[in-house]
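Accompanying notes for the structure given below.
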Amino acid sequence: MSSKIKKINIRAIFLYLIMCGLAIIIVMKILFIQTLQPQISKINTPSFIPLSAPRGNIFSDNGSLLAISMPLYNIYLDLSVIEENIFIKESSSLASGLSNLFEDKSTNEYLKFLKSNRNSKYLRLKHKVTQNELNVLKSLPILKLGKNKGGLIAEKRANRENPFGILAKRTIGVLRNSNPIGLERAYNKTLSGLDGLQLKQKIGKNLYRDEDSELNLSPQAGSDIVSTINIDMQDMAHQALSTALERHDADWGTVILMEVKTGYVKVISNLKKNKNGSFDENYNHAIAKHSEPGSTFKLASILAGLEDSFFKLSDSIDTEDGTHKFFDKTMRDSKKGGYGKITLGEAFVKSSNVAISKVINKYYKDKPQLFIDRIYKMGLCTPLDIELPYPNSLLVKKPGSNEWFGTTLPWMSIGYSLRLTPLHMLTFYNAIANQGVMVKPLFTSSVMNGGKIIYEKNIEVINPAICSKSSIDKILPFLVNVVEEGTAKSIKNKKYKIAGKTSTTLLDYGRVEVDRENYQKNIKKYQPSFIGFFPAENPKYSCIVLVNNPKKNGFYGGDVAAPIFKEISDKVFASDISLHQPIDDEVEKVSLPFVSNGFSYDLQNVLEKLGIPFKSQQSKWSVSVKKNDQINLRLRNINQDLNSNQIPSFYGMIISDAVFLLENAGLQVSFKGKGKIKFQSLKKGMKFDLGTKINLIAS
């Protein structure tokens, strides 16, 4: 009996232990679920992933792309999904294709790379791969089998491209996480659009599967911005400025070209010398650089006196020996010995410092606030409320303040003792060209979405009358005479008249009087500029050119800045048909111009506007031929050849058109030069594949 009880007790204890063990397991499971399981579930549970909205584009005034989001891809390989027999059979061909595409490793190196990472599930292959390169990758052996069998993983990454390189780069802007600049910053919200949401299930490292959900949201693309910049004019100005900066060994320079009536900024170029001697756009001097304008400010001084009826331009002024002392400082003219007795109008044309400072000091020294009020009335000292963000460091000294001295007024009258930006000065001169109406400089004209204009900007008048029209009428002939017979006579031409003013600003002018001898010997620096408008009789464009610290081949405004202005104005005048007189019928029949081969619509549009007779076949691309006093635009089957994977002839075509066609067809294009194509590395009729390389050379 005792033995039976003993057995029962053992069984009871055994069952008890089992129950205790089960209890412990249950408790541990509960603790596991409450602590660790939520984290695991969170990892594997589908979650909503933001989908970036396509960013809007920035266009030039004629529709050329200035900034566009061109996707790049990070490429990875999941070699574990590739069947062994396929890998053995085609890995060599894949290695050869990768070597030919990227040209960074040999076929053997790529083959070794693939074999040594045979079981990798997320193998980095290449970052920043273009769409064309991705298309080629998708056609290579093994990879063409797709993601699940070929192991190709392409991760899209944001990428902003500027098709025209550094042209107007600081104004178009740069999109970045910290301190974005330019139009990209000013219109970031408009360009960004609205991001979407997609429910995704994680199925592996960096691998997700889309899931259906009523809460999924498609991203809404950002709107497009149409800028006022004319890319052809911008290119002209960029080339003229960079050539001049190199010739004069200058530190930096800026050009702004603006439409008089609208305030549309057609050109804004900012170039600064790099350490290697090249030039780049790395600071927007045009709107952010505050400096003493020098003699271009004399126009404001003269207008102030005319408005207050203190003097006439015919009044006589004695320039003495080219020097005049104000208290302890001496004002000097650039011409040694001075100009003798001349009229105030002549003093403006010759840019006499002594004459201008003497007359302004004579009438305003006892009431300097009246002079300052006139400057404010003309809008020169008020910050410009423009679209682009810029530092407001305007400096105009105030009478009665600690920084106002007896010499401040005479020096201010010739453009010292104050600091303004090039855009401020141009806006002022533009108002003179616009008969006193000051308009706000505009960098954009409209906002588009889906190809339709959703918002269009209106011209904004800052001041309807900065001064009386009678004062403008009085000074305007002298602005013309500056070019016809004054300090800028080197840019005089017979085709059209230019009105404007030169300046040769001595940087850190105040230091000259403190230590004139040492300053001039060691660190004398100049900032020549020219501001003007054309054609003078009916101005359409105003322009400022400013060059900082030229060290070779002259330093005067008339020798450095004015020639840049003329090169730009000549090309703008030649390209703007509205500035020319109608072509006489007899002249039209004398000869026909040379017409490049290219896009039919553009060719027809130009020929129609010029009134040149032509005959065109129904073709997207044309070859131009002169025949019987007309231009014949003949059929050119470029698209048909490309669709058949055959190389067409591009000889005579504008290189930008050819690059566009070839890249759209999936070829890799490298090119040199500008203008019409004179050489192509692949002959007409040759077959090509995706990723085939072709070299073009233009004249």
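The values are calculated or read from the model by the stated rules, or taken from the named source; none is laboratory data. Small disclaimer: the values here were computed from a predicted structure and weren't measured. Cβ placement follows ideal geometry from the backbone for every residue including glycine, while neighbour counts extend to all protein chains displayed.
Could you pull out the residue among ASP366, ASP333 that is free of Cβ contacts under 8 Å to residues at least 12 places away in the same chain and on the phi < 0 side of the Ramachandran plot? Walk me through it before giving the result.
Working: ASP333 fails: free of Cβ contacts under 8 Å to residues at least 12 places away in the same chain.
On inspection, the qualifying residue turns out to be ASP366.
Quick one: which residue in ILE256, ILE225 is within 25 Å of GLN527 (Cβ to Cβ) and in a strand (DSSP E or B)? Spell out the reasoning first.
Numbers: ILE225 fails: within 25 Å of GLN527 (Cβ to Cβ).
Selected residue: ILE256, the only one of ILE256, ILE225 that is within 25 Å of GLN527 (Cβ to Cβ) and in a strand (DSSP E or B).
Restricting attention to region 99-139, and to residues there that are farther than 17 Å from ILE82 by Cα and among the hydrophobic types (A, V, I, L, M, F, W, C), which single residue is nearest to the chain's Cα centre (by Cα)?
VAL129
Only one of these is at pLDDT below 85 and small (Gly, Ala, Ser): SER192, SER227, SER178. Name it.
Working: SER192 fails: at pLDDT below 85; SER227 fails: at pLDDT below 85.
That would be SER178, the only listed residue that is at pLDDT below 85 and small (Gly, Ala, Ser).
If you check LEU306, LEU388, which single one turns out to be within 25 Å of LEU420 (Cβ to Cβ), among the aliphatic types (A, V, I, L, M) and either in a loop (DSSP other than H, G, I, E, B) or modelled with pLDDT under 95 (or both)? Before the answer, list the steps.
Numbers: LEU306 fails: either in a loop (DSSP other than H, G, I, E, B) or modelled with pLDDT under 95 (or both).
Just one listed residue meets the conditions, LEU388.
Being part of a loop (DSSP other than H, G, I, E, B), surrounded by 15 or more Cβ atoms within 10 Å (Cβ to Cβ) and among the acidic types (Asp, Glu) is the filter here, so list the residues in region 47-99 that pass it.
Within region 47-99, ASP61, ASP78 meet the criteria.
Report, ordered by the first and then the second residue, all pairs with beta carbons closer than 7 Å, sequence separation of six or more or different chains, a first member in region 458-480 that is more than 25 Å from GLU387 (Cβ to Cβ), and a second member that is among the basic types (Lys, Arg).
Cβ pairs passing all conditions: LEU479/LYS501; VAL480/LYS497.
From the residues in region 558-573 that are in a helix (DSSP H, G or I) and among the small types (Gly, Ala, Ser), which one is farthest from ILE544 (Cα to Cα)? Show your work before the answer.
Within region 558-573, the first condition is being in a helix (DSSP H, G or I), and the residues that meet it are 561-573.
Add one more test, that the residue is among the small types (Gly, Ala, Ser), and what stays is 561-562, 569.
On the way: ALA561: 9, ALA562: 9, SER569: 11 Å.
By that ranking, first place goes to SER569.
With (1) modelled with pLDDT of 90 or more; (2) within 19 Å of ILE225 (Cα to Cα) as the list, and ILE166 as the residue in question, which single condition is left unmet?
Unmet for ILE166, out of (1) modelled with pLDDT of 90 or more; (2) within 19 Å of ILE225 (Cα to Cα): (1).
Of all residues in region 556-577, which are within 21 Å of the chain's Cα centre (by Cα) and of a type in the set (Lys, Arg)?
Residue satisfying the conditions is LYS571 alone.
Taking region 109-157 as the region of interest, how many residues are among the charged types (D, E, K, R) and either farther than 9 Å from TYR73 by Cα or crowded, with 18+ Cβ neighbours inside 10 Å (or both)?
Residues in region 109-157 being among the charged types (D, E, K, R) and either farther than 9 Å from TYR73 by Cα or crowded, with 18+ Cβ neighbours inside 10 Å (or both): 11 in total.
Does any residue of region 351-372 turn out to be assigned by TED's automatic domain parsing to the domain that holds GLY486, buried (at least 18 other Cβ atoms within 10 Å of the Cβ), among the hydrophobic types (A, V, I, L, M, F, W, C) and farther than 21 Å from PRO293 by Cα? Walk me through it before giving the result.
Step one: list which residues in region 351-372 are assigned by TED's automatic domain parsing to the domain that holds GLY486, which gives 351-372.
Going one step further and asking which of them are buried (at least 18 other Cβ atoms within 10 Å of the Cβ), we end up with 351-361, 364, 368, 371-372.
Next cut, among the hydrophobic types (A, V, I, L, M, F, W, C) only: 354-356, 359-360, 371-372.
Those still in the list that are farther than 21 Å from PRO293 by Cα too: none.
There is no residue in region 351-372 that is assigned by TED's automatic domain parsing to the domain that holds GLY486, buried (at least 18 other Cβ atoms within 10 Å of the Cβ), among the hydrophobic types (A, V, I, L, M, F, W, C) and farther than 21 Å from PRO293 by Cα.
Please work out which one of (1) buried (at least 17 other Cβ atoms within 10 Å of the Cβ); (2) out of contact with any Asp or Glu (no Cβ under 7 Å at 6 or more places or on another chain); (3) at positive phi; (4) of a type outside the set (A, V, I, L, M) is the condition ASN162 fails and give its number.
ASN162 satisfies all of (1) buried (at least 17 other Cβ atoms within 10 Å of the Cβ); (2) out of contact with any Asp or Glu (no Cβ under 7 Å at 6 or more places or on another chain); (3) at positive phi; (4) of a type outside the set (A, V, I, L, M) except (3).
Are any of the residues in region 659-677 within 18 Å of LEU101 (Cβ to Cβ), touching a Lys or Arg at 6+ places or on another chain (Cβ under 9 Å) and among the hydroxyl-bearing types (Ser, Thr, Tyr)?
Applying the first criterion (within 18 Å of LEU101 (Cβ to Cβ)) to region 659-677 yields 662-663, 665-670.
The next check asks that each one be touching a Lys or Arg at 6+ places or on another chain (Cβ under 9 Å); those that pass are 667-670.
Within this subset, residues satisfying the condition of being among the hydroxyl-bearing types (Ser, Thr, Tyr) are 670.
Yes, the conditions are met somewhere in region 659-677.
For the list (1) more than 28 Å from the chain's Cα centre (by Cα); (2) assigned to a loop (DSSP other than H, G, I, E, B); (3) crowded, with 21+ Cβ neighbours inside 10 Å, I need the number of the one condition that GLU403 fails.
Just one mismatch for GLU403, condition (3).
Among LEU380, LEU395, which is the only one that is in contact with a Lys or Arg (Cβ under 6 Å, 6 or more places away or on another chain) and either in the same structural domain as LEU476 (by TED's automatic domain parsing) or without any contact (Cβ under 8 Å) to a residue 40 or more places away in the chain (or both)?
Numbers: LEU380 fails: in contact with a Lys or Arg (Cβ under 6 Å, 6 or more places away or on another chain).
Sole residue among the options that is in contact with a Lys or Arg (Cβ under 6 Å, 6 or more places away or on another chain) and either in the same structural domain as LEU476 (by TED's automatic domain parsing) or without any contact (Cβ under 8 Å) to a residue 40 or more places away in the chain (or both): LEU395.
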